[in-house]
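The values are calculated or read from the model by the stated rules, or taken from the named source; none is laboratory data. Keep in mind that what you see is a predicted model, and the values were worked out from it rather than measured. Counting neighbours? That spans all protein chains shown, and the Cβs are built from the backbone with ideal geometry, glycine included.
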């Protein structure tokens, strides 16, 4: 497969490889992350290079489930470190989406906004280290 690696995937890998860090935001489907997320990550390890090697990564997401995306995040945290990914450990941000989580204008409620702000501040510090 790597000999005939598609150009669009090579371009995707180059864009990710040029970043200092990546924030992976995912929903959770049936207590796991979606297949599209796995495919997007797998592509980064194909085509002769591993763009995940040394990449700093934050993981977060939102789901209507009781625990937000904790299960999917946990699974990502299990298989990514052996691929060379440096994952931010804390804080975690898993948003349970309910009918009042987002306002009509698309902004999040005060609690979610505060938690997201704390997460992004920690992510910025993580990137700088």
Of the residues in the stretch 89-106, those that are over 22 Å from residue 32 (Cα atoms) and either touching a helix residue (DSSP H, G or I) at 6+ places or on another chain (Cβ under 7 Å) or surrounded by 12 or more Cβ atoms within 10 Å (Cβ to Cβ) (or both) come to 102
The residue that is surrounded by the most Cβ atoms within 10 Å (Cβ to Cβ), considering only those in the stretch 66-81 that are in contact with a strand residue (DSSP E or B) (Cβ under 7 Å, 6 or more places away or on another chain), free of Cβ contacts under 8 Å to residues at least 40 places away in the same chain and closer than 18 Å to residue 53 by Cβ, is 80
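Using the structure shown, decide if residue 86 is touching a helix residue (DSSP H, G or I) at 6+ places or on another chain (Cβ under 6 Å) and under 30 Å from residue 111 (Cβ atoms).
Values: touching a helix residue (DSSP H, G or I) at 6+ places or on another chain (Cβ under 6 Å): no; under 30 Å from residue 111 (Cβ atoms): yes.
Criteria not met by residue 86.
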Pairs returned, first residue in the stretch 1-23 that is exposed (fewer than 11 other Cβ atoms within 10 Å of the Cβ), second residue that is modelled with pLDDT of 90 or more and assigned to a helix (DSSP H, G or I), beta-carbon separation under 8 angstrom, 6 or more apart or interchain, are 20/127
Of the residues that make up the stretch 33-54, is at least one within 17 Å of the chain's Cα centre (by Cα), buried (at least 19 other Cβ atoms within 10 Å of the Cβ) and closer than 22 Å to residue 125 by Cβ?
yes
Result of the Cβ filter at 6 Å on the stretch 113-129, keeping first residues that are farther than 10 Å from residue 91 by Cα and partners that are modelled with pLDDT under 95, at least 6 apart or interchain, is 127/20
